[in-house]
1. Which residue is surrounded by the fewest Cβ atoms within 10 Å (Cβ to Cβ), if the candidates are limited to the stretch 216-255 and must be over 20 Å from Asn152 (Cα atoms), in contact (Cβ under 8 Å) with a residue 12 or more places away in the chain and among the aliphatic types (A, V, I, L, M)?
2. Restricting to the stretch 389-427, what's the tally of residues that are crowded, with 21+ Cβ neighbours inside 10 Å and outside any helix (DSSP H, G or I)?
3. Check whether at least one residue in the stretch 96-113 is farther than 30 Å from Phe273 by Cβ, aliphatic (A, V, I, L, M) and modelled with pLDDT of 95 or more, and report yes or no.
4. So which residues in the stretch 331-350 are assigned to a strand (DSSP E or B) and among the hydrophobic types (A, V, I, L, M, F, W, C), if there are any at all?
5. For the stretch 85-94, does any single residue satisfy the condition of being among the charged types (D, E, K, R), in contact with a Leu (Cβ under 6 Å, 6 or more places away or on another chain) and in a helix (DSSP H, G or I)?
6. Do the conditions hold for Ser268, that is, is it polar (S, T, N, Q), within 18 Å of Ile88 (Cα to Cα) and modelled with pLDDT of 95 or more?
7. Which numbered condition in (1) more than 20 Å from Ile88 (Cα to Cα); (2) over 18 Å from the mean Cα position of the chain (by Cα) is the only one that Val169 fails?
Amino acid sequence: MILCDKFYIDGAWVDPVDPSAFPIMNPATNSQIGSVSLGTGADVDRAVAAASRAFESFSKTSKSERLALLRRLRDVMEARNEEMAKAISQEMGAPLTMAREEQAACGIAYAEDFADILEAMEDQETLPNGDVVLRDPIGVCGLITPWNWPINQITQKVLPALAVGATCVLKPSEYTPLSAALFAEMVDEARYPAGVFNLVFGNGPEVGAALSKHPDITMMSFTGSTRAGVLVSKDSADTVKRVALELGGKSPNLLFADCDLETRVTASVQECFHNTGQSCNAPTRLLVERSCYAEALEIAKRAAEAQQIGNPTEEGDHIGPLFDQMQYDRVQAMIQIGIDEGATLLAGGLGKPEGFEQGWYARPTVFADVHNDMRIAREEIFGPVLVVIPFDSEEEAIAIANDSDFGLYAYVQTGSKARAARVSGELRAGAVAINGCGTSYGSPYGGYKQSGNGREGGKFGLEEYLEVKVLPSLDQLDRDGCFSQP
């Protein structure tokens, strides 16, 4: 059995104040593979105290010192990428190839990206009016990350905080502690100063709330459900923290008849099912122009039925199980709701795929003839479930796409460059992918409406962890004779 029974606080692995064991499960076999100790507010207090002490000196380190640390961490992450891939595959069911090439590898890419951005960032900026802008690290940051892309979210929060000289306390998902503990080992191996990075395992109501409410934490960054994000915001309000939220999505995918239908419909289905549908930016609403609707449904049905399912320990481009019974039960409930709402079940449906009865596997499912007011079209299902909605005009497609509580990501499939630009400009989403080409490392990631606020990644993600200070030009004041000494 794997034990995650210690927390990383002030540069050392320490025992929890009042440990409470929580099982670590393998979703492919529904078997317990270990346990993690859940913390309390007392553990948060220890971690925040360590981060506060470390901030006094770390915030004053030079850019070159922080760049050296970040690049050393990047090298450690690359050397241990296979360990990270296996940990992620084991704890949340990502197939090993995908866990290695995407889930784990993204941490290395983010380290490279943030290092390059930090190196290029100017220490100060002169405004057109002559005033000078300085940027200071924001302070001690509370970071809460989810289970579905564990190292992706950890590195998008921890790395920019450390890059600018802030310190942090991380609460990863209690469901995926193996990757978080391994990341803490990597930070230690990169020789970051004690207290700069701290890790406390725990659940949201106890440890998450303790972070959000803590008076010595100046910023909270949270990725997860919209419901939980609202709670983080409310808990943070009394101490007027900066709050950055990356929340849910119900991403529209607008498919026009002038695109390469076979290629784009097939790719759209595959993208929806990627990571077993457990991605907040998954294109789960496929909006199809009515003139090609019947043909698109035939292609979507073939693509769904061709989707391979397999054991996460095996190499390949198959999808794995959902991450636990809670998620499996929700996906099954939403499939039943779609049936009850009168949508046409084009592929998949209730139950587990044949031969995968042991773990939390779901059947790749496609619903046709969906209306945008159905629950399956409005609620985030977080499983391999695609809904297909017909439209008659470009204007109607945009209206349907924007008729959502969310606005994280959107997708456009068209053979017209002019239409791609026109439609993308009208979509209320934080990013738009066009004909299978999405945004790259170094670009901001975040959403409109209930998909959150703030941005992660790139220059914008780095600036989330900085305060802005303005002062008049000292050189100008010197020329005006305001100083008697140099």
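The values are calculated or read from the model by the stated rules, or taken from the named source; none is laboratory data. None of these values were measured; they are calculated from a predicted model. A quick note on method: Cβ atoms are made from the backbone with ideal geometry, for glycine too, and the neighbour counts reach across all protein chains shown.
1. Leu231
2. Within the stretch 389-427, residues that are crowded, with 21+ Cβ neighbours inside 10 Å and outside any helix (DSSP H, G or I) number 14.
3. No; the residues of the stretch 96-113 include none that is farther than 30 Å from Phe273 by Cβ, aliphatic (A, V, I, L, M) and modelled with pLDDT of 95 or more.
4. Matches in the stretch 331-350: Leu345, Leu346, Ala347.
5. yes
6. no
7. (2)
To keep it simple, each residue is scored yes or no on (1) of a type in the set (A, V, I, L, M); (2) under 19 Å from Cys292 (Cα atoms); (3) outside any strand (DSSP E or B).
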| site | (1), (2), (3) |
| --- | --- |
| Lys352 | no, no, yes |
| Tyr361 | no, no, yes |
| Val370 | yes, yes, yes |
| Ile376 | yes, no, yes |
| Leu386 | yes, yes, no |
